[in-house]
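Read through the structure below, which is laid out as structure tokens, and then see the notes.
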Amino acid sequence: MRRKVLIHILALIALIWTVVPIVWIVLISLMYHHEFASADIHLFPHQPTLANYVRLLGGAAPDWNGTAQGPNAYGPLIREGLLNSAQVAVWVTVLSMIVAVPAAYALSRVQMRFRQAGLLTIVATRSIPPVATTIPFFALYQGLGLSGTKTGLVIAHMTITVPLLVWIGTSFFGGLPPGLERMARVDGCSRWRAFARVVVPASRHSMTAMAVIAFITSWDEFTFALIFNTGTPAQTFPPALSSMFFQVSVPTDVASATVLGLIPPLLVAGLFQRYIRKVNLVGL
Amino acid sequence: MEPEVLQVGISVESVTKRYGKAPRAALDDVDLEIRPGELLAVLGPSGGGKSTLLNVLAGLEPVNSGRLRFGDEDVTDIPAERRNVAVVFQSSMLYPHLSLRKSIAFALTMQKLPAEEIQRRIDEVAGWQRIDHLLDRKPHEVSGGERQRSAVAKALVSHPALLLMDEPFSAVDAQLRRQMRTELAKLHRQFGTTTVFVTHDQEEAMSIADRVAVMRAGKLVQVADPLTLYRRPASAWLADFVSVQPFNLIPVEHQDGGALSAFGGSLVLKPPGGPLPQRLDLGVRPEHLRITRSESSAFRILTREIIGGQVKYTITTDRGDELVAVRSDDEVLDADTPVDPAVDWAHALAFDPDSGDRLDVRFNEVVASVS
Amino acid sequence: MSTVTKPAPPGPAYPVERSTGRPRTPFSSRISPTRFGLLLVAPVAVLLVAIVIYPVAYSLYLSLSHTNPFTGVRRFAGVDNFQQVLSDPDFWHSTWLTVYYVVCVTVLASAVALGTALLLRERFVGRPVLMALIVLPWSLSTYAAGVVWRYIFSPQYGLLAAIAQQLGLPPLDLLSKNTAIPALALVHAWQFAPLGAYFLLASLQVIPDDLYKLAKVDGMGILRRFRTITRPYIRLPFAIYVVLVGGQAAMAFDLIYFLTSGGPGGASQTLTYAIYQETFQDLSFGPGAAMSWILLIVVTVLTAGYYVAAMKPGSGQDKAAEA
């Protein structure tokens, strides 16, 4: 009995520890600055409002006391950032899938030599930290004119996503029934068609998961985006948020911008949740 | 209805297959003639090369040397997708993401047959295999037996020149397996497609095959019809491998007067007939070892197991030598009963003690011996 | 060998070779499996050489050169950059901070992960809810986690400061000089503990209940049960997790950038942050590249060493079988 009570107390602590920071920022984003800046800080807004979001997205919304307030000055920066991030993430996803899926397939299921070596190289590449590549990339991009472009960022993100997807993909394809290609071959497929017409459709759920992981990885990437694209027209969301965070200190506005940036990956993850649930762990 | 069937003979000529730099070839100079329309079982322990043989016949693995012929045609260099074979894979695999209908039709769509023809053929095989009502389900939505029938339907639908089956019953329970075995035999009678059936289960092989090819360590040990294989196994290993119960292999020594002694004199046997080779091991199946109650015997019953109408006895001496005998359950003997083993000489076999090869020795009469 | 047709129906003769609608064996089936595999891998191989191997090699070249930040002119410098870095007290200060940070993160994250995993193995009201919510921190972008915790730690508008105020305590600033590193580590642990909790929970769930029952019958206390039964099962996954988290902590950047920006007064200037400052604020490529190489080598050696130690035969799950 004492043990039961203790476990429930611990569970409650775990719950608070886990969600309170996130709940807190969401609640802040729903407060008027006036209320937030007042002396006593409280958890639940007395006067909950979506005004911060509306103003970030370019609309006008009255303040707590009804005075008119125009759009947020950082709105365009954030909106453009979200748009650029989405574009970069989609390109990263598409291009990474195109190169990574066949490679993952070959490394996991084709009876080829150099398989072990190939997998080891992928693992080794995965362990190279971004700090080791940002400096040469920065130097190279200066020369190539790729600094501050979406193309440059897409390429930089692919250094992370491609090895990651190949790695995850090998475990996915490895989970297919062992004789699948042999059956396809006997049924009249060439090696290539066995892959394209049977293996790919048979693993569409896993590939959806891979695509989602690529998208989220690109969306969440900060270092490359900060170093290459800060203050350029191709600025993505993370550097935009960073500028807003360090330049103005209206916490309620920053909070709502942060929450806005969390929505796309959570949305994508939520939509395809049943496909990615099984990868959550393999992913890292 | 009588299906249209092409019965093709297959010949495997000195085929050798080696994987990479493996020290031992998976198929070591294998010669095999498969007769048109026969059901050949390829039997052997795992790693014996039987799956490799299936892959080579299907065109899924290239050979290192030797030729393969389907009928008069040399198919050695023709890959699987053009060889016109069908395979029922292990665990009755079907495409996991397709409905049974699409799985079955897949090979036909790859051949770009007209839709009506595909429909006609699916109706045909679905009728034979009683799966009409399941065609729109996915493989994981049907039972093991239904999946098995669908896998066979998928194989037959393309009217293959050769039907290969890779341990198709390995994933179902014993009772269903027996039922499927019978169904397969019936189907083969009806269809008559040349069929190669790979299995590690000697009971399965012996019960349905026209002929059985036994493989061990990449080599064909013996190819024969089941009865010959049972009565005249090529070696002691093979005799044991195709035996349902443990095979008694008794090392014997010659004694004066034509008698044989075994187990340090605990067992003395008097074989009938002519002179025997200088050295031999005697092979006796449990059903051909008769035991009778005898107070003076050195053997006594260690265990007894009742197996439907028969009783299997393990008998032992004080030295720990063991023999297995099977007899009817008219009288069930208890453990510790002293018994005297006797050999049914008409069915006894002799083997070379060194090579294990069967020696051509016939013990003509049936004589019970006394120890 | 002959071809015999059953006498009954003189149906069409089925060809021994099947037509696939193409005249010849398709290319992908004609080549060897190795070549087919290499063709599929080729795009990735080319890409990785171009965007990973080449840049990394280029970074080695940079670390061995002097680059004029204004003209961009480079000349070979040998190990000058490395010497300069290694003789710089700031570098050693950053190294010390990195080690301190890695230790804090590893200890906190593994403790939280193990605690959560052990908790989640128990039965309690709302377990599925907690199970689902617990991934939330992990699914946050790291920079977002930085912003989120800024709202907890900030002495002006942070939740902790507010609580301290309401309790009548002196104002609390966890991001001050002495506590910056542990505070950052706490956030890092908050974000990465869920991964470890899931990872360890999966291992905990394979331990047969009977083992615990047996141990209770044998009169083992809760600590001995943990040591003799639980520990052998989670040793290997735990080791893997520790290496993963430790490696990640050594590379942490986003959190530090948002929460302290290396401050206050360099109190959280870890190596990664120092590299960032050196290279992208001071545009001093050579020493920056040299530092990044030192970091890379140290982390790789430590990680490899830990893996070797953890996977040594006789450790880890082999013992589980004996238990």
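The values are calculated or read from the model by the stated rules, or taken from the named source; none is laboratory data. Predicted, not measured: the structure shown is a model, and the values here were computed from it. Note that we place each Cβ from the backbone using ideal geometry, even for glycine, and neighbour counts take in every protein chain shown.
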Margin query: Give me the helices (runs of 4 or more DSSP H) completely within the range C:49-155, filtered to those with at least 2 residues that are within 13 Å of chain A (Cβ to nearest Cβ), of a type in the set (Ser, Thr, Tyr) and more than 27 Å from residue A:268 (Cβ to Cβ), ordered by residue number.
Written below: C:54-63, C:89-121
Notebook entry, point to check: Restricting the first residue to the range C:168-180 and requiring it to be within 20 Å of residue C:100 (Cα to Cα), which pairs with a second residue that is loosely packed, with under 15 Cβ neighbours inside 10 Å meet a Cβ separation below 7 Å and a spacing of at least six or different chains?
Noted result: C:173/C:155; C:176/C:264; C:177/C:264; C:177/C:265; C:180/C:264
Next item on the list: Pick out the one residue from A:161, A:125 that is among the hydroxyl-bearing types (Ser, Thr, Tyr), more than 7 Å from chain C (Cβ to nearest Cβ) and crowded, with 18+ Cβ neighbours inside 10 Å.
Entry: A:161
Margin query: Regarding the range B:169-179, can at least one residue be identified that is hydroxyl-bearing (Ser, Thr, Tyr) and buried (at least 20 other Cβ atoms within 10 Å of the Cβ)?
Written below: no
Next item on the list: Report yes if some residue within the range C:23-31 is in contact with a Ser or Thr (Cβ under 7 Å, 6 or more places away or on another chain) and assigned to a loop (DSSP other than H, G, I, E, B); otherwise report no.
Entry: yes
Check: Hey, does the range B:90-102 have a residue that's facing another protein chain (nearest Cβ under 9 Å) and in contact with a strand residue (DSSP E or B) (Cβ under 6 Å, 6 or more places away or on another chain)?
Finding: yes
Check: Can you tell which of B:94, B:108 is assigned by TED's automatic domain parsing to the domain that holds residue B:150 and either out of contact with any Ser or Thr (no Cβ under 9 Å at 6 or more places or on another chain) or not in a loop (DSSP other than H, G, I, E, B) (or both)?
Finding: B:108
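Yes or no, residue by residue, for (1) touching a helix residue (DSSP H, G or I) at 6+ places or on another chain (Cβ under 8 Å); (2) aliphatic (A, V, I, L, M); (3) closer than 25 Å to residue A:229 by Cα:
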residue: A:150; (1), (2), (3): yes, no, yes
residue: A:164; (1), (2), (3): yes, yes, yes
residue: A:168; (1), (2), (3): yes, yes, no
residue: A:173; (1), (2), (3): yes, no, no
residue: A:185; (1), (2), (3): yes, no, no
residue: A:199; (1), (2), (3): yes, yes, no
Check: Does residue B:109 qualify as being away from chain A (no Cβ under 14 Å) and either at negative phi or touching a residue at least 12 places away in the same chain (Cβ under 8 Å) (or both)?
Finding: no
Next item on the list: Sort out which residues of the range A:90-108 are out of contact with any Gly (no Cβ under 7 Å at 6 or more places or on another chain) and more than 7 Å from chain C (Cβ to nearest Cβ), and write them in order of number.
Entry: A:90, A:91, A:92, A:93, A:94, A:95, A:96, A:97, A:98
Margin query: Would you confirm whether or not the range C:203-217 contains a residue that is under 25 Å from the mean Cα position of the chain (by Cα), exposed (fewer than 15 other Cβ atoms within 10 Å of the Cβ), closer than 22 Å to residue A:15 by Cα and within 14 Å of chain A (Cβ to nearest Cβ)?
Written below: yes
Next item on the list: Within the range A:42-88, count every residue that is surrounded by 13 or more Cβ atoms within 10 Å (Cβ to Cβ) and either touching a strand residue (DSSP E or B) at 6+ places or on another chain (Cβ under 7 Å) or assigned to a helix (DSSP H, G or I) (or both).
Entry: 19
Check: Any idea which of (1) at the interface with chain C (Cβ under 10 Å from one of its Cβ atoms); (2) closer than 20 Å to residue A:82 by Cβ is the one residue A:50 doesn't satisfy?
Finding: (1)
Check: What are the residue pairs meeting all of these: first residue in the range C:72-98, first residue over 12 Å from residue C:270 (Cβ atoms), second residue charged (D, E, K, R) and outside any loop (DSSP other than H, G, I, E, B), Cβ atoms under 9 Å, and 6 or more apart or on different chains?
Finding: C:85/C:278
Notebook entry, point to check: Quick one: is residue C:197 at pLDDT 85 or above and more than 30 Å from residue C:293 (Cβ to Cβ)?
Noted result: yes
Check: Assuming residue B:287 fulfils every condition listed in (1) outside any strand (DSSP E or B); (2) surrounded by fewer than 12 Cβ atoms within 10 Å (Cβ to Cβ) apart from one, which condition is it?
Finding: (2)
Margin query: Here is a list: A:208, A:161. Which entry is over 30 Å from residue C:256 (Cα atoms), part of a helix (DSSP H, G or I) and under 16 Å from the mean Cα position of the chain (by Cα)?
Written below: A:208
Next item on the list: State the number of residues belonging to the range C:275-298 that are out of contact with any Asp or Glu (no Cβ under 7 Å at 6 or more places or on another chain), more than 7 Å from chain A (Cβ to nearest Cβ) and assigned to a helix (DSSP H, G or I).
Entry: 10
Check: Which condition number does residue B:167 fail, the rest of (1) on the phi > 0 side of the Ramachandran plot; (2) of a type in the set (Asp, Glu); (3) more than 12 Å from every other protein chain (Cβ to nearest Cβ) being met?
Finding: (3)
Checklist line | Single unsatisfied condition, residue A:232 versus (1) in a loop (DSSP other than H, G, I, E, B); (2) within 12 Å of chain C (Cβ to nearest Cβ); (3) surrounded by fewer than 20 Cβ atoms within 10 Å (Cβ to Cβ) | finding: (2)
Notebook entry, point to check: Yes or no: residue A:220 free of Cβ contacts under 8 Å to residues at least 60 places away in the same chain and farther than 18 Å from residue A:264 by Cβ?
Noted result: no
Next item on the list: Check the range B:61-72 and report whether any residue there is within 27 Å of residue B:139 (Cα to Cα) and crowded, with 23+ Cβ neighbours inside 10 Å.
Entry: no
Notebook entry, point to check: Is there a residue being touching a residue at least 12 places away in the same chain (Cβ under 8 Å), over 20 Å from residue B:197 (Cβ atoms) and either in contact with a helix residue (DSSP H, G or I) (Cβ under 6 Å, 6 or more places away or on another chain) or facing chain A (nearest Cβ under 9 Å) (or both) anywhere in the range B:64-74?
Noted result: no
